[in-house]
Structures are given as structure tokens and as C-alpha cells.
Amino acid sequence: MSYVHELLSIKYPIIQGGMGNISNAQLTAAVSNAGGLGTLGSGTMTPEQVEAIIVETKEKTDKPFAVNIPINVSPYTEELIQLVIKHKIPVVSLSAGNPAPYIKLLHEHHIKVIVIVAAVKHAKKAEEAGADILVAEGFEAAGINSNLELTTFTLIPQISRQVSIPVLAAGGIGDGRGLAAALMLGAAGVQLGTRLIATKDAPFHSAYKTRLLEADDNETVILGRSVGQVRRVLKSSYAKQIIDLEHQGLTVEKYSLMTSEDHHINGAIHGDEENGFMNSGQVAGLIEDIPTVKELLDGMMNDARALMEEHLRQFTSL
């Protein structure tokens, strides 16, 4: 099997998850500069908005970075595919839809393709379609999630034994212990989302970072089960409002409006928990500091190495 860092021309097997309309050049570049693969999430932004952030990111880093395109979420998927080709983006991650129609075209332009999956059957189909790398995302993860509700700990070994391409683990990972555990489960690396919010390089509202620092193990809640559109967020008055409406028979249309990217921005960028939400994975309960991205990635790699070496010594002495 090829190594992820070699396939993506990065130092560490750590990538950033797409963050929808709150994606920005500052954090994307910081991840790439620190040795990972920064990712710009296109969300529902227009091609013009995404292009502006691509240009800014290129000004902040000369390292590879990716663009995430949520196929069935973005109204501009076709245009965004042409945009990443135009800007010679080296890596594209595809999520929330069938990636098959786009992989061949991206490969023709020497673009590596990462596909986000949440089940074995999706992983096998993505590999058959030509994906270079898979991200297997467990139900612990932040934001829009799979209705299948499979956890990272069970998902990674099942997928990794069914495919021959590298698999990255996502959901519930935020430190060296999580990285080491993912590798032992069969992953070739990890994707981070929530943990990167709580860094000095992330230009999000201080209230968001404070909530993550203060979070306990039961600080997140699931929205959208009643309408089949699951999302994990931090508990808040706005999240409770949505849950209460779900109990009263909230429609899909109303739910979609209440969880639009405008409300995501209200929470994450403006710190407004009365009119917006803050995405968060269950890893929030493990966050105890706000390092730079470089400190975070270096620390994760060093801790993972030390943990694996220590456990290897323990087992060889038995």
C-alpha cells in the first residue's frame, strides 16, 4: 500500500476536514505549512467566493492543499470541478454524493481524489470508481454526518480490510493517542476537524474556542434525525430550539433553513448561539489547550510515535 504522505506530497499523514462556508485561507495554509494537508471546504459558496480563497491560500503557502466539494450540497459542483482544474489544485476531496462522474476527469488533470465515506459499501464503490484515498468518517465527527451512525472504532477496521487503497480515519480524533489508535485499527492517517477549530491559527469566534475548551464528554447533540439529515453540534439554545421543533414535526424544508450555512456562520464566526450553531465532534471533551497548528501536528506525531514504541516494548517483554 502507498503511504498517504507520499501520495499527497506532505510531511505528516494528517489532513484537514472541509469546514463548509467557514473555510478560510488562514487555517488551510497553516495546516499545510505545518506538514499536513490543509483543506478548503467549498460548502455552498459560489465559484467566485471559493476562487478568492484559493488565491489567498496560495499567497499564504507554497505547500499542497485540497479543496472539498460536497457534491449534492453545493449548487455549483460542475463549476467547482472546473475551478480546481483551472487552479491546478493537487488534491480534491469529494463528499455528500456519488464521486464516480468526476474522478476520471480529475485524474486526467493529475489531481488526486479523496472520497469521504461512512460505510463499507460506499468505500468499495469509491475504490472501484478510482478514488486514490478514502476518509472513513465515524459518527463521532462534527457537522453533517451519516444516518448509518457507525463509530470510527468499528468503521476503520471494517473498511481497511475491504479495500486496497489508503484509508484515513475521521471522527473522535484530536491527539497522538487518537492517531496511534487509528493506525492500529488499519488507517493510514487521520482527518481532523473540531481539534483544528481550537488552535491559534483558526480565525473563529473566541466563544467557539472557549466552548470547546470547557466541553465535557456530553457537550454535543445530534440534530436532524427526524428528517434524515443528521448533524452533530455543540449544545446551545439554538440547537435546543431545533430539537424542540423536531419533536413537534419539523419539516425537512424548515430544518434545512434552520441549519443553513448562514446559521453556521452566525455561530462559528460571530459567536451567536441564539441564532446559530457551532459544529463539534465528540472529541471536544478531550480539548484542553489552544496551540498553534504546528504545535498540534508536531505534538500528535511525537506522542503517537512514543506511545507505539512504548506499547511495542511492553508486548515484546511478555
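The values are calculated or read from the model by the stated rules, or taken from the named source; none is laboratory data. Note that the structure is a prediction, hence the values are computed from the model and not measured. Heads up, the Cβs are rebuilt from the backbone with ideal geometry, glycines too, and the neighbour counts pull from every protein chain shown.
Details
- Whichever residue in region 1-25 is touching a Ser or Thr at 6+ places or on another chain (Cβ under 7 Å) and part of a helix (DSSP H, G or I) and, among such residues, is surrounded by the fewest Cβ atoms within 10 Å (Cβ to Cβ): Asn21
- None of Gly35, Gly43, Gly97 is of a type in the set (Gly, Ala, Ser) and farther than 19 Å from Leu192 by Cα except Gly97.
- Failed criterion for Met300 (all others in (1) modelled with pLDDT of 95 or more; (2) part of a loop (DSSP other than H, G, I, E, B) hold): (2)
- Among the residues of region 263-294, those that are of a type in the set (Asp, Glu), in contact (Cβ under 8 Å) with a residue 60 or more places away in the chain and surrounded by fewer than 20 Cβ atoms within 10 Å (Cβ to Cβ) comprise Glu288, Asp289.
- Thr28 being in a helix (DSSP H, G or I), touching a strand residue (DSSP E or B) at 6+ places or on another chain (Cβ under 9 Å) and hydroxyl-bearing (Ser, Thr, Tyr): yes
- If you filter region 260-272 down to residues that are part of a helix (DSSP H, G or I) and aliphatic (A, V, I, L, M), you find that the one that is farthest from Tyr208 (Cα to Cα) is Ile265.
- Residue, surrounded by the fewest Cβ atoms within 10 Å (Cβ to Cβ), within region 198-220, restricted to residues that are of a type in the set (A, V, I, L, M) and farther than 19 Å from Gln241 by Cβ: Leu213
- Each residue in region 146-166 was checked for being part of a helix (DSSP H, G or I) and touching a Gly at 6+ places or on another chain (Cβ under 6 Å), and 5 of them qualify.
- Among the residues of this structure, Ala142 does not count as one that is more than 25 Å from Arg195 (Cα to Cα) and touching a strand residue (DSSP E or B) at 6+ places or on another chain (Cβ under 9 Å).
- In the set (1) within 21 Å of the chain's Cα centre (by Cα); (2) in a helix (DSSP H, G or I); (3) under 26 Å from Ser256 (Cβ atoms), Asn98 fails one condition alone, (2).
- Candidate set from region 236-259 (those that are in contact with a helix residue (DSSP H, G or I) (Cβ under 9 Å, 6 or more places away or on another chain) and in a loop (DSSP other than H, G, I, E, B)); member that is nearest to Gly41 (Cα to Cα): Thr259
- Output for region 168-188, where each listed residue is touching a Pro at 6+ places or on another chain (Cβ under 9 Å) and at positive phi: Gly186
- Remark: Leu223 falls outside the filter, which requires a residue to be of a type outside the set (S, T, N, Q), buried (at least 19 other Cβ atoms within 10 Å of the Cβ) and over 27 Å from Lys254 (Cβ atoms).
- Cβ-Cβ contacts under 6 Å between residues 6 or more apart (or on different chains), taken from a first residue in region 175-199 that is over 16 Å from Ser164 (Cα atoms) to a second residue that is modelled with pLDDT under 95, are listed as Ala180/Leu307; Ala180/Met308; Gly193/Ala142; Thr194/Ala142.
- Qualifying residue in region 237-257 (condition: polar (S, T, N, Q), at negative phi, touching a residue at least 12 places away in the same chain (Cβ under 8 Å) and crowded, with 17+ Cβ neighbours inside 10 Å): no
- Of all residues in region 220-235, those being in a loop (DSSP other than H, G, I, E, B) and under 19 Å from Met19 (Cβ atoms) number 3.
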